[in-house]
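**Q** Sharing a structure with you now.
The values are calculated or read from the model by the stated rules, or taken from the named source; none is laboratory data. Since the structure is predicted, the reported quantities are computational estimates derived from the model, not experimental observations. Note that we place each Cβ from the backbone using ideal geometry, even for glycine, and neighbour counts take in every protein chain shown. SASA here: full protein model, heavy atoms, side chains in, ligands and nucleic acids out. Shrake-Rupley method; radii C 1.70, N 1.55, O 1.52, S 1.80 Å.
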Amino acid sequence: MAVFRSGLLVLTTPLASLAPRLAPILTSASRLVNHTLYVHLQPGMSLEGPAQPQSSPVQATFEVLDFITHFYCGADVHRHLDVRILLTNIQTKSTLLPPQPSSVQNLAHPPEVVLTDFQTLDGSQYNPVKQQLERYATSCYSCCPQLASVLLSPDYGAGELPAEPLDVPLPSTIRPASPVARSPKQPVRGYHRGAVGGTFDRLHNAHKVLLSVACVLAQEQLVVGVADKDLLKSKLLPELLQPYAERVGHLSEFLVDIKPSLTFDITPLLDPYGPAGSDPSLEFLVVSEETYRGGMAVNRFRLENDLEELALYQIQLLKDLSHAEHEEEKVSSSSLRQRMLGNLLRPPNKRPELPPGLYVLGLTGISGSGKSSIAKRLKGLGAFIIDSDQLGHRAYAPGGPAYQPVVEAFGTDILHKDGTINRKVLGSRVFGNKKQLKTLTDIMWPLIAKLAREEMALAVAQGKRVCVIDAAMLLEAGWQDMVHEVWTVIIPETEAVRRIVERDGLSEAAAQSRLQSQMSGQQLVAQSHVVLSTLWEPHVTQRQVEKAWELLQKRMPQA
């Protein structure tokens with residue numbers, strides 16, 4: 001069966017009747033499309049008859065909003081699909097207009113295939129319904145010239161079409177602030193301007209529900225606050241967050257696709273209130289169950305500043321049915337970032353100058369990150385470990401390559417009585433003194449790199465295929481030039497401080513000072529190929545390392 005990069009799914013069955021059939025329809029669509037699946041709602045439309053069907057407005061009711069939520073929830077099972085429900089023809093009561101002359105909407109990814117749930121007894125290749133479907137799709141959206149059509153209804157026998165299920169309302173997922181009971185068929189009120197906010201990292205289906213409801217409610221402008229800077233510090237694995245510009249880019253493409261008639265004001269969210277707390281022209285705010293209290297706080301803040309309260313619309317959280325240990329039960333960006341741990345983030349380096357048959361990893365991380373424990377786990381899986389600290393000790397030892405140059409540079413008062421270098425005294429001499437530190441590193445780093453290359457030759461002699469250079473200063477020393485991949489271990493700074501205090505007996509201030517003298521986790525990750533974290537229990541770390549190791553074996557050049 002052909003697999004298309006993008007597709008347009010036209011749903012014609014009434015929403016309540018469609019709900020029980022969503023799973024097989026989505027499964028069928030996911031087998032055909034491997035990238036973007038656009039969904040166009042046109043309940044009650046017929047594709048039979050000589051006249052070309054016309055797109056008509058769909059009234060925005062709570063049933064429609066519930067359907068959008070349930071569709072995105074079901075789509076989360078098919079994570080390779082980027083599902084986008086198009087809202088162009090979904091209108092609130094206040095803006096419900098008679099059909100207008102059709103204009104073709106340009107989509108970010110022109111569909112190559114159009115699919116429908118429309119039921120027909122004739123499923124043959126030349127069925128007129130398929131031709132009508134193609135004509136209808138191209139009259140509404142920009143599609144590829146060689147558009148293919150597929151009917152998703154199963155092949156029925158000579159008997160009658162199956163009876164539709166009873167008109168059962170979908171479970172409620174949207175809660176307006178008003179305590180008045182709502183019915184599924186109740187029209188949704190339209191507003192001129194409203195707001196929604198979030199981190200919007202790796203735009204997922206829960207984000208899409210939040211944004212879609214906001215787009216249905218807004219008739220002129222939607223203000224979208226995107227968390228940045230201080231609001232990101234408390235996020236899980238913040239080093240793996242997409243940059244602000246990248247998040248905004250994905251967000252903008254999605255919003256323009258689903259409702260191009262709106263004006264979007266995407267702005268950095270730098271405090272808990274954002275534009276929602278200060279813009280007098282805003283009328284509503286869409287929140288999730290998790291952020292509802294924040295919405296209430298925004299309204300209190302507005303009242304304190306003589307502004308009218310916003311109408312709050314609370315969205316039910318989407319459950320992640322396949323969440324793993326330590327992942328959130330809801331669909332969340334945090335879980336998506338956790339799943340990145342151990343994956344290859346960028347192509348490996350080509351290092352033809354390294355020993356043939358040996359694949360070299362550089363392992364780094366801030367102090368207290370658990371880098372040494374990762375190295376031990378990799379050794380247990382068969383890697384040859386080169387400990388840069390041990391190489392440093394060898395270089396400092398009397399007769400070692402660094403001994404005489406260091407004594408000449410810093411004087412004999414850095415020596416113990418037995419003539420060995422007192423590394424604590426030497427450390428105090430260079431700490432906080434950039435010039436002295438550079439003098440030391442200019443001596444040590446090239447020598448340690450030379451010793452590391454000698455260790456690589458030893459690894460080859462022992463028949464090892466993977467060699468790991470364990471080095472906290474790997475990137476600062478420029479040693480990434482002698483590895484195929486950089487693997488970085490990350491940990492929250494507060495946890496790193498706690499571990500340093502417990503392990504080394506330092507004060508919190510001293511531990512923080514040590515971290516400030518190193519590259520941050522964010523800077524390390526920016527140059528890394530694989531990221532790991534020791535934030536959880538040891539068995540979770542072990543599984544993470546085993547996953548990274550298995551993926552490494554698959555991409556390594558075969559001997």
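**Q** For K130, go through the aspartates and glutamates and keep the ones whose alpha-carbon is under 19 Å away, minus same-chain ones fewer than eight residues off.
**A** Reachable aspartates and glutamates: E48, E112, D117, D122, D155.
**Q** For a quick check: with amide H placed at 1.01 Å from N, whose amide H comes under 5 Å from V33's, ignoring anything fewer than 5 positions away on the same chain?
**A** Amide H neighbours of V33, under 5 Å, 5+ apart: F4.
**Q** Follow-up question, since we're still on this one. Could you sort out which of K229/K424; K371/K438; K350/K434; K229/K554; K350/K379 sit more than 30 Å apart by Cα distance in this structure? All intermediate terms of the calculation are to be shown ahead of the outcome.
**A** Working: K229/K424 37 Å; K371/K438 25 Å; K350/K434 33 Å; K229/K554 37 Å; K350/K379 23 Å.
Those over the limit are K229/K424; K350/K434; K229/K554.
**Q** Which of the peptides 504-513, 22-31 is most tightly packed, and how do the rest follow, going by the mean number of other Cβ atoms within 10 Å of each residue? Don't skip to the end; give the middle numbers.
**A** On the way: 504-513: 13.2, 22-31: 16.7.
Those peptides, ordered most packed to least, come out 22-31, 504-513.
**Q** Further question on the same structure: Roughly speaking, what is the stretch gain from V256 to C144, that is 0.36 nm per residue apart minus the C-alpha to C-alpha distance, in nm to one decimal? Let's see the in-between values first.
**A** On the way: separation 112, 0.36 × 112 = 40.32 nm, distance 1.92 nm.
Stretched fully, the V256-C144 segment lengthens by 38.4 nm.
**Q** Once both axes come from the Cα atoms, what is the angle between helix 62-75 and the longest principal axis of the chain, in degrees from 0 to 90, rounded to 10?
**A** 40 degrees
**Q** I'd like the Karplus ³J(HN,Hα) series for segment 39-44: coefficients 6.51, -1.76, 1.60, θ = phi - 60°, whole numbers in Hz, and an x wherever there's a Gly or Pro.
**A** With coefficients 6.51, -1.76 and 1.60, one gets 10, 10, 8, 8, x, x Hz.
**Q** Restricting to Cα pairs below 8 Å that are 6+ residues apart, what does the relative contact order work out to for segment 411-559? Please round to a whole percent. Before the final figure, lay out the partial values.
**A** Values: 71 pairs, mean separation 25.5, N = 149.
Computed value for segment 411-559: 17 percent relative contact order.
**Q** While we're on this one: Rounded to the nearest 0.05, what FRET efficiency is calculated for E246 and K417 with R0 set to 41 Å and r the Cβ-Cβ distance?
**A** Efficiency, rounded to the nearest 0.05: 0.10.
**Q** Can you give me the distance in nm between label points at R555 and M296, each placed 7 Å from the Cα along the Cα-to-Cβ direction?
**A** 4.6 nm
**Q** Per residue, how much accessible area does segment 246-356 have with a 1.4 Å probe, in Å²? Intermediate results must be reported in sequence, preceding the final value.
**A** Working: 5870 Å² over 111 residues.
Counting only protein heavy atoms, the per-residue value for segment 246-356 is 53 Å².
**Q** Moving on to the next point. Which listed residue (G399, G419, I385) has the Cα farthest towards the positive end of the charge dipole for segment 327-436, taking +1 on Lys and Arg C-beta and -1 on Asp and Glu C-beta about the Cα centre?
**A** Most positive-ward Cα: I385.
**Q** Using the beta-carbon distance between H35 and A2 and R0 = 22 Å, what value does 1/(1 + (r/R0)^6) give for FRET efficiency, to the nearest 0.05?
**A** Working: r = 14 Å, r/R0 = 0.62.
In this case the efficiency is close to 0.95.
**Q** Given H placed on each backbone N at 1.01 Å, which residues far from S142 in sequence or on other chains put an amide H within less than 5 Å of it?
**A** Q105, N106, L107
**Q** Now for a separate question. In units of 2.2 N^0.38 Å, what is the alpha-carbon radius of gyration of the chain?
**A** Values: Rg = 29.9 Å, N = 559, 2.2 N^0.38 = 24.3 Å.
That works out to 1.23 for the chain.
**Q** For helix 493-504, report the angle its Cα long axis makes with the longest principal axis of the Cα atoms of the chain; keep it between 0 and 90° and round to the nearest 10°.
**A** 30 degrees
**Q** How large are Rg and Dmax for segment 225-292 when only the alpha carbon atoms are used, in Å?
**A** Just the Cα atoms of segment 225-292 yield Rg and Dmax of 13.4, 36 Å.
**Q** Roughly speaking, what is the centre-to-centre gap between segment 186-233 and segment 514-559 when only Cα atoms are used, to the nearest Å?
**A** 34 Å
**Q** Which lysines, if any, have their Cα less than 19 Å from the Cα of K330, not counting same-chain residues under 8 positions apart?
**A** Counting by Cα, and skipping residues close in sequence, K330 has these lysines nearby: K208, K235, K319.
**Q** Turning to a different aspect of this structure: Share of the chain's accessible area from carbon and sulfur, percent, 1.4 Å?
**A** On the way: 14560 of 26600 Å².
Here carbon and sulfur together make up 55 percent of the probe-accessible area.
**Q** Here's something else I'd like to know. How high is the relative contact order of the chain, in percent, counting Cα pairs under 8 Å that sit 6 or more residues apart?
**A** Values: 927 pairs, mean separation 72.8, N = 559.
In percent, rounded to a whole number, it is 13.
**Q** Shifting gears a bit: Would any residue of segment 398-415 have its amide N under 19 Å from a label point 7 Å out along Cα→Cβ of A457? List them or say none.
**A** Counting backbone N atoms under 19 Å from the label point, the list is 400-402.
**Q** Which distance in nm do the two modelled labels at Q390 and S103 give, with both placed 7 Å along the Cα-to-Cβ direction?
**A** So the two model labels end up 7.0 nm from each other.
**Q** Can you work out ³J(HN,Hα) from phi for every residue in segment 334-347, in order, using Karplus 6.51 cos²θ - 1.76 cosθ + 1.60 and θ = phi - 60°, giving whole Hz and x for Gly and Pro?
**A** So the Karplus estimates, Gly and Pro as x, are 4, 5, 5, 5, 4, 6, 6, 4, x, 7, 7, 8, 8, x Hz.
**Q** How about segment 412-491: which chymotrypsin sites (Phe, Trp or Tyr not before Pro) there lie in a loop by DSSP and see at most 14 other Cβ atoms within 10 Å? Don't skip to the answer; put the middle values down first.
**A** Details: sites: F431, W479, W487; in loops: F431.
Those that pass, being in a loop and sparsely packed, are F431.
**Q** Kindly rank 317-324, 138-145 from highest to lowest mean number of other beta carbons found within 10 Å of each residue. Don't skip to the end; give the middle numbers.
**A** On the way: 317-324: 15.6, 138-145: 17.2.
Listed from highest to lowest mean packing, they are 138-145, 317-324.
**Q** To the nearest 0.05, how large is the calculated FRET efficiency for D504 and R182 if R₀ is 56 Å and r is the Cβ-Cβ distance? All intermediate terms of the calculation are to be shown ahead of the outcome.
**A** Numbers: r = 59 Å, r/R0 = 1.06.
Efficiency for this residue pair is about 0.40.
**Q** Just report the Cα centroid separation between segment 66-91 and segment 234-272, whole Å.
**A** That distance is 18 Å.
**Q** How much length is gained on full extension from H80 to E495, taking 0.36 nm per residue of separation minus their Cα-Cα distance? Don't skip to the answer; put the middle values down first.
**A** Working: separation 415, 0.36 × 415 = 149.40 nm, distance 3.42 nm.
Extra length from H80 to E495 when fully extended: 146.0 nm.
**Q** Please work out the Cα center distance from segment 1-34 to segment 278-357, rounded to the nearest Å.
**A** So the separation of the two Cα centres works out to 27 Å.
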